[in-house]
1. For the chain, calculate the relative contact order in percent as a whole number, restricting contacts to Cα pairs under 8 Å that are 6 or more residues apart.
2. Could you pull the Rg and Dmax for the chain, using just the Cα atoms, both in Å?
3. Ranked from highest to lowest mean number of other Cβ atoms within 10 Å per residue, what is the order of the peptides 51-61, 355-365?
4. Take every Cα pair under 8 Å in the stretch 122-215 that's 6+ residues apart, average their separations, divide by the length, and report that relative contact order as a whole percent.
5. What spacing in nm lies between the two simple spin-label points modelled at Gln430 and Ala253, each 7 Å away from Cα in the Cβ direction?
6. Cα axis of helix 294-322 to longest principal axis of the chain: angle in degrees, 0 to 90, nearest 10?
7. Mind checking which of Asn163, Ser114, Ser124 is farthest towards the positive end of the stretch 87-196's charge dipole, using Cβ charges of +1 (Lys, Arg) and -1 (Asp, Glu) about the Cα centre?
8. Using only Cα atoms, find the angle between the long axis of helix 140-151 and the longest principal axis of the chain, and express it within 0 to 90 degrees, rounded to the nearest 10.
Amino acid sequence: SADRITNICCIGAGYVGGPTCAVIAAKCPEIRITVVDRDPARISAWNSDTLPVYEPGLDALVKRQRNINLVFSTDIDRAIDEAQLIFIAVNTPPMHHHTHVSSLGAKPDLSAVSDCARRIARVSLTDKIVVAKSTVPCGACATIAQMLRDNAQSGVRFSVLSNPEFLSEGTAVRDLLHPDRILIGGDDMVAQDRLKAVYMHWVPEPNILTMNMWSSELAKLASNAMLAQRVSSINSISAICEAVGANISEVAAGCGSDSRIGSKFLRPSLGFGGSCFHKDIASLIWLSESLGLPEVAEYWHQVLALNRFQIRRFVARILADASRGDGSSGLQGRRVACLGFAFKEGTGDTRNTPAADVCCELLRNGATLSVYDPKVSRHHIVDRLAAAAGTDCSVDSVTVCADAYSAIAGSDIVVVLTAWSEFRVIDWEQALKLMAKPAYVFDGQIVLDHDRLRQLGFNVFSIGHTH
Ligand code: NAD
Ligand code: UGA
């Protein structure tokens with residue numbers, strides 16, 4: 001391969017591939033990047049005015065670089081052929097294997113990654129550096145290297161690197177511009193140096209860590225597992241707060257100001273959602289089980305179990321408080337305004353959103369729902385709910401509203417399901433007038449001013465606080 005990288009291909013134009021390549025293009029003007037995907041609709045969206053991914057700052061970045069040194073295309077083979085370095089950034093969803101029904105883990109489905117490896121091997125006529133950007137289990141890069149060797153044209157050599165991505169949705173551009181660290185795992189130092197040279201256009205050298213392949217693959221899974229563990233840890237303490245009269249926000253500040261613990265990622269909530277924490281912990285559990293380490297598997301399983309517990313507790317609380325004394329069972333005849341649906345604020349993504357689980361439980365208990373989220377479209381909400389609902393509850397009694405006030409109008413209960421800051425600036429005095437009385441607010445994300453709401457006359461419950 002050439003001494004310097006001048007041409008990059010990225011397979012997979014999703015949440016990771018698109019923003020990552022836009023940043024590389026902006027920071028490396030002499031490199032030409034082609035982002036390819038097998039989904040033509042995705043590619044035409046990247047080439048249109050409305051990008052398929054919403055991220056602050058992404059629009060401007062893409063529109064500035066597009067067709068200068070950033071190209072979105074469906075011609076995968078040509079992009080592979082022209083590149084010296086190829087990122088694989090396709091999705092790796094969990095595979096639900098039915099053979100071990102008692103198993104807690106799930107092996108990720110690597111079929112898209114394998115498809116890419118076979119395709120790269122078949123198409124490449126020159127040496128390539130192949131970089132696994134997708135989150136893969138330990139050992140997957142070695143498997144990719146083997147597949148490339150097995151299917152290579154004669155005389156073509158491949159170097160495989162592990163280069164996991166740590167961006168968070170909602171802050172992807174900022175995270176990519178100022179990464180805490182870049183990991184480059186592999187055993188080919190020349191290839192590692194070439195990829196490192198790309199990042200050194202904007203990342204300080206000490207923040208770029210080279211290591212062996214397995215370390216890099218495992219560090220990605222372990223990072224997500226530890227982040228999720230912090231959320232489960234603070235949420236476990238929130239349950240104690242409700243029982244003893246402590247205030248979770250005070251406890252979190254009390255713990256987080258110890259510099260060894262740190263204040264980030266201690267926000268109590270309805271639990272973590274998103275496309276990766278569940279799947280990566282399931283992958284770690286599967287790995288632990290397959291290595292004969294059931295104690296390790298059980299340890300990480302508790303992080304997932306606590307996450308589900310948080311939702312059960314929240315719904316039980318709504319049932320206990322708001323179905324009290326009107327003679328009917330459950331939430332029959334109650335209208336619940338659901339504020340927020342995305343898995344976290346700042347994004348329109350609904351994958352594994354705790355909001356869907358809460359909504360389904362409310363529906364099962366007979367509630368009628370009006371849902372509002374500033375960034376999630378009506379059909380996304382309905383589709384996600386229908387998928388989560390299964391056969392035992394119907395989404396017929398769900399209305400999706402265009403603003404918070406129309407969701408609140410006529411409701412008995414408001415639940416906050418995503419920590420959008422705009423919910424703080426709702427005119428709650430006006431909201432109270434629109435609601436049936438007594439009016440209830442259940443804040444699952446601790447975003448509202450509870451004292452003020454109580455003064456106005458709301459019955460307020462919040463995760464991790466006593467009345
Ligand atoms: P995504 O679903 O948004 O995008 C993946 C894209 O790959 C899709 O557009 C799909 O059409 C395309 N694709 C799948 N198979 C293909 C093939 N054989 N050939 C060509 N294109 C193909 O997924 P994502 O969220 O970008 O995640 C990608 C990977 O990055 C996953 O392994 C994920 O775990 C990891 N990751 C995601 C995030 C995140 O915040 N979303 C962060 C870090 C790491
Ligand atoms: C997470 C990691 O933060 C990224 O580093 C990683 O690259 C990514 O997963 C991935 O591998 O996909 P993301 O899922 O986009 O990023 O979002 P986070 O900000 O980590 O939030 C995850 C969930 O935890 C959200 O539902 C959020 O509301 C919740 N959360 C987060 C809390 O409940 N409390 C907190 O203190 C922080």
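Read-outs: derived from the displayed coordinates by stated rules, not from any lab. Being a predicted model, the structure only gives us computed values, none of them experimental. Here the Cβ positions follow ideal geometry from the backbone for every residue, glycine too, while neighbour counts run over all protein chains shown.
1. Details: 916 pairs, mean separation 56.1, N = 467.
Contact order relative to length: 12 percent.
2. 24.1, 79
3. Numbers: 51-61: 18.0, 355-365: 23.2.
Those peptides, ordered most packed to least, come out 355-365, 51-61.
4. Working: 128 pairs, mean separation 26.7, N = 94.
Reported relative contact order: 28 percent.
5. Result: 3.0 nm between the two label points.
6. Computed tilt is about 30 degrees.
7. Ser124
8. Helix 140-151 and the main axis of the chain meet at about 40 degrees.
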